[in-house]
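J.: The following block contains the structure, expressed as structure tokens.
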Amino acid sequence: MLGWIVRIALLACGFAACSALPAAADATGLYMRGNEISFEAIQLVELSEGNLAGRYEHYYVDESGKVHSSSREIEGSIARNSLILNLKGDRSLSGKLERNSLNLIWEGGAGEFRKSDASVRNKTLAELNDLGVQIVWMRKTERAAETYSEALSVVADVETKSETLADWMDTVLSKYDALSEQYKTREKRLETMSAMNVNYDLRYKVENEMYGLENEFYSLEGEVKRKRASLNWDVDSAKRKFAEVMEFCGTLPAKNEPVAFCQELPRETSGFDVLIRDISAEFGRWDKKIQ
């Protein structure tokens, strides 16, 4: 009797919903995967007759801190727990819906997208944007530190060049005085010779000597101009670099930890200003002499 009951139950199961196959899974939802610098999101809606629609999004932050984004519309289908997704204008993916994840494969890759929700997506995107801001700030700090180092290097060069500037200027002014004295002597001699109507050949010789002294004046003046231009170039270069660093340090949020080179900057620029004044004073001696 028991055997007949079992047979009748099995027969009934064959015509009813006693299938050993799992019920079709509902694919509707948001699925995500990612790492520290990027994430992907797939939003799916299951339509009638196993059709799927949705959207694929990809966000990542590059080395400069810029956050990039791209998206594609999705069309696809699902049968039981197997699905095919077509990203419009991009690639096709296929795989399985398993509990709380999509396990997908595509040409050249594979990945697991975990079930999530809009709040997690938004939070992840906000964290990615925060990371981008941090990277941008880090890059700015690195560039400012590099510029500060370059400025100090230029200042060191200026200091080296200015160490012998006073002695050099003494030599230049001494040459100038000697040339001036020689020129005045010949100028007086020429006046005397002209008054006495001395032979033209003798006067021509003196005039020629005066012309040679004038050339030496121009040569000396050119030497000073080149020296001044070289130092001015370095000084202006250091000023520009210090100004860039100063601008960066001025944008530091109050809550940030102090930046070492920003704390050093006032002392370095103050010392540089003193050096510039000393250099200007030396060239001022020349300017006063040739007035």
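Please treat every number below as a calculation from the coordinates, not as lab data. Since the model is a prediction, treat every value here as computed from it, not as a measurement. Neighbour counts run over all protein chains shown; Cβ positions are idealised from the backbone, glycine included.
J.: Can you list residue pairs whose Cβ atoms sit under 9 Å apart, with the first residue in region 157-178 being in a helix (DSSP H, G or I) and the second being polar (S, T, N, Q)? Count only pairs 6 or more apart in sequence or on different chains.
T.: Going by the 9 Å Cβ cut-off, the qualifying pairs are Lys161/Ser230.
J.: If you don't mind, another one. Those residues that are of a type in the set (D, E, K, R) and surrounded by fewer than 16 Cβ atoms within 10 Å (Cβ to Cβ), I need them from region 41-54; list them, please.
T.: The one that is of a type in the set (D, E, K, R) and surrounded by fewer than 16 Cβ atoms within 10 Å (Cβ to Cβ): Glu49.
J.: Criterion first (β-branched (Val, Ile, Thr), loosely packed, with under 14 Cβ neighbours inside 10 Å and part of a helix (DSSP H, G or I)) does Thr192 satisfy it?
T.: So Thr192 fits the description; yes.
J.: For Val245, which of the numbered conditions (1) farther than 25 Å from Lys161 by Cα; (2) among the hydrophobic types (A, V, I, L, M, F, W, C); (3) touching a Ser or Thr at 6+ places or on another chain (Cβ under 9 Å) fails to hold?
T.: It is condition (1) that Val245 fails.
J.: While we're on this one: Kindly indicate whether Asn215 is in a helix (DSSP H, G or I) and either more than 28 Å from Thr147 (Cβ to Cβ) or in contact with a Cys (Cβ under 6 Å, 6 or more places away or on another chain) (or both).
T.: For Asn215, the condition - in a helix (DSSP H, G or I) and either more than 28 Å from Thr147 (Cβ to Cβ) or in contact with a Cys (Cβ under 6 Å, 6 or more places away or on another chain) (or both) - is met.
J.: Could I ask something else about it? Tally the residues that are loosely packed, with under 12 Cβ neighbours inside 10 Å and more than 19 Å from Tyr60 (Cβ to Cβ), restricting the search to region 112-152.
T.: Count: 4.
J.: Also, I was wondering about something else. So the check is Cβ under 6 Å with 6+ separation or different chains; which pairs have a first residue in region 235-259 that's of a type in the set (A, V, I, L, M, F, W, C) and a second one that's part of a loop (DSSP other than H, G, I, E, B)?
T.: Taking only residues 6 or more apart or on different chains, not a single pair turns up.
J.: Now for a different question. For Val274, indicate whether it is among the aliphatic types (A, V, I, L, M) and within 18 Å of Glu150 (Cβ to Cβ).
T.: no
J.: Now a separate question. Report the residue count in region 61-115 for those that are in contact with a strand residue (DSSP E or B) (Cβ under 7 Å, 6 or more places away or on another chain) and either touching a residue at least 24 places away in the same chain (Cβ under 8 Å) or charged (D, E, K, R) (or both).
T.: Count: 26.
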